[in-house]
1. Determine whether residue 95 is surrounded by fewer than 21 Cβ atoms within 10 Å (Cβ to Cβ) and within 16 Å of the ligand (Cβ to nearest atom).
2. Is it fair to say residue 108 is within 16 Å of the ligand (Cβ to nearest atom), under 23 Å from residue 430 (Cβ atoms) and touching a strand residue (DSSP E or B) at 6+ places or on another chain (Cβ under 9 Å)?
3. Checking the condition under 29 Å from residue 99 (Cβ atoms) and hydroxyl-bearing (Ser, Thr, Tyr), which residue from 147, 192 passes?
4. Looking only at residues that are in contact with a Pro (Cβ under 9 Å, 6 or more places away or on another chain) and open to solvent by less than 50 Å² (accessible area, probe 1.4 Å) in the stretch 188-209, which one is farthest from the ligand (Cβ to nearest atom)?
5. In the stretch 591-606, what residues are open to solvent by less than 10 Å² (accessible area, probe 1.4 Å) and either in the same structural domain as residue 404 (by TED's automatic domain parsing) or not in a loop (DSSP other than H, G, I, E, B) (or both)?
6. Among the numbered conditions (1) surrounded by 19 or more Cβ atoms within 10 Å (Cβ to Cβ); (2) more than 16 Å from the ligand (Cβ to nearest atom), tell me where residue 233 comes up short.
7. Name the strands (runs of 3 or more DSSP E) wholly inside the stretch 169-236 in which the number of residues that are over 23 Å from residue 451 (Cβ atoms) and not assigned by TED's automatic domain parsing to the domain that holds residue 284 is 3 or more.
8. Checking the conditions here, which among 298, 344, 314, 372 is within 16 Å of the ligand (Cβ to nearest atom) and of a type outside the set (Ser, Thr, Tyr)?
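The values are calculated or read from the model by the stated rules, or taken from the named source; none is laboratory data. Values in this document were obtained by computation on a predicted structure and should not be read as measured data. Using ideal geometry, Cβ is built from the backbone for each residue, glycine included, and neighbour counts are taken over all protein chains shown. The area values use the complete protein model at the heavy-atom level, side chains included, leaving out ligands, DNA and RNA. Shrake-Rupley method; radii C 1.70, N 1.55, O 1.52, S 1.80 Å.
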Amino acid sequence: MSPRLLSRTSATLFALAWTTLSATALAQTTPTLTPDAQMQSQLHDGPWWKHALIYEIYPRSFQDSNGDGVGDLNGITQRLDYLQQTGIDAIWIAPMYPSPQVDFGYDISNYEAVDPQYGTLADFDKLQAAANGHGIRIILDMVLNHTSDKHAWFVESASSRTNPKADWYVWNDGIPADGPNVNDYQRKYTHTGPKGKVVPPNNWVSLFGGSAWEWVEARQQFYYHDFYKQQPDLNWRNPAVEKAMFDTMRFWLDRGVAGFRLDAIPALFEDPQLRNEPETGGTNAQGDPNLKKIYTDNLPEVHDTIRRMRAMINSYPNNRVLIGETYLPNTAALSAWYGGAAANELQLPMDMLIGFGTGVAYKAPYFRQYLNEAETQLNGAQPLIVFDNHDNVRSIDRFGDGQHNQLIAKGIASILLTSHATAMTYYGAELGMPTTEPTRKEDVKDPIGITGWPKEKGRDGERTPMQWTPGAQADFSTSAQTWLPIPPSYTTINVQTELADPNSLLNWHKRLIAMRRDNPTLRDGKQTMINTDSTAVLAYVRAATAGQPSILVAINLSNQPQTLTLDPSTAGVAAKSAKTLLTDAPELNAVTTLNTTLPPYATWIGSLQ
Ligand code: NOJ
């Protein structure tokens, strides 16, 4: 499950439920990368995304350029210097397309434009050109599972049973309300159709509350929605849907975007027999029965679609990338999303086990297991690890003990940036911005926080405005009223203050990022866990690469000093001495041997001789 609610409720909101252009046309439509970006691509072997640090931006919350209290695309453009100086290679922008904003952009009503509150298509093109000038690529969020109910496709589809788009969404007549297999939950959703009283065809529940089936009078039928009822699921069994969606992806690829983060991608297909999901007992924060999603999530059919999508992406130059929002139960399931050994599906399905897995805790054995599985059980494919996003309580609060949060956040940054994986982070994580939940129901913006209050307070807490300075409104906006309030922590946790403090979390991130960028061993060296019997210290070796020495990383994940002999020989590396490359504990700067004492929560990174 995703741990977003661990501190608040036992519900499993985002759990496993989320679980060709011709060469001439391309030359005309694909902006050439500027010298900066080209240089970065050529510095090291392999496609750019293998060594990237990808930074998620929630556009409402990053920078407001026009004083309306909501972030926008021009705001992102204004902050490109910061992103470049921090060492970010690519930004993933959460949906900025026209949308009724029921799910803050994840309900898209037009896939080929920009929502006026975020700017215009011309603003997007300016951002894209300026980002490339800063050596930063843009990844867009692509929501393929569902559209907004205000999208023209759905409006047409819902208008009758005979219109040209009648089969673009998942429609069903329902079943007789007095039938043998109908339960009380289904009966709550009784409607009168042409054949009398009917209920939804099965027990499927929306992740955001209530039955997953919504009645439409004009068709006298139900449609299926995995998320809000304003987010009807597309019918991916209809080839016209695939074509239309691939066309929208081409629209942005032709404008030069570097790839897509595919929203809720395992949810694309549903069981054609519409079988009931098994109930697992009890109810969730929204009061619905808990279900095991085996008929609405991760169906095998999705992989055929993904292989075709990969072929489409591959027809573009400059290594475009497909990243998946893949909450999966284990590493074997994750491997399937790469296409297994064939590696012909997603280049970067997110490994959510490391950052958000079941039993998540700031404990060495947990990270050791999942980092090792990612290294050894993905057929050599590139893992993508991530600890923070716009759907989960921030990692500093999930892993923090309340007393050593800054130190623990430094440890998380160390894992993110020194392990053998592509790294993904979320605005504000580099500062240690805390999750700041609303304290009153009337202040909640995320609808699940309104329907789930007080058990589920929604996702506003991890979406608060970026904290730039200790000045008015944290310099996020000139408006006295911002879409979510600026958290009180902005006076000390902000970019300006942290840049001035050599020991800040932001400067720790910058040092790690710079080291990773410049060091071939950290970029590509094979990763092997060592001292595997330690319950407190996570330690691994990155094997020598490109004539550079091997590197040893040791992180004390406990609140006690840990004395141990680090032993790289079990990773096949014979080392007589060590030299500190980076540490957050001053007393470790002079380390020369592998017999050492790591202070509580300290990170030590050294080269081996
Ligand atoms: C996953 C997104 O990250 C989340 O914010 C959204 O609510 C759902 N998918 C539905 O699109």
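1. Taking the combined requirement at face value, the residue does not satisfy it.
2. On the way: within 16 Å of the ligand (Cβ to nearest atom): yes; under 23 Å from residue 430 (Cβ atoms): no; touching a strand residue (DSSP E or B) at 6+ places or on another chain (Cβ under 9 Å): yes.
No; evaluated as a whole, the condition is false for this residue.
3. 147
4. Among them, the one singled out is 196.
5. The first filter runs over the stretch 591-606 and keeps only residues open to solvent by less than 10 Å² (accessible area, probe 1.4 Å), leaving 598, 602-606.
The answer is 598, 603, 604, 605, 606.
6. Condition (2) is where residue 233 drops out.
7. Answer list for the stretch 169-236: 196-199.
8. 298
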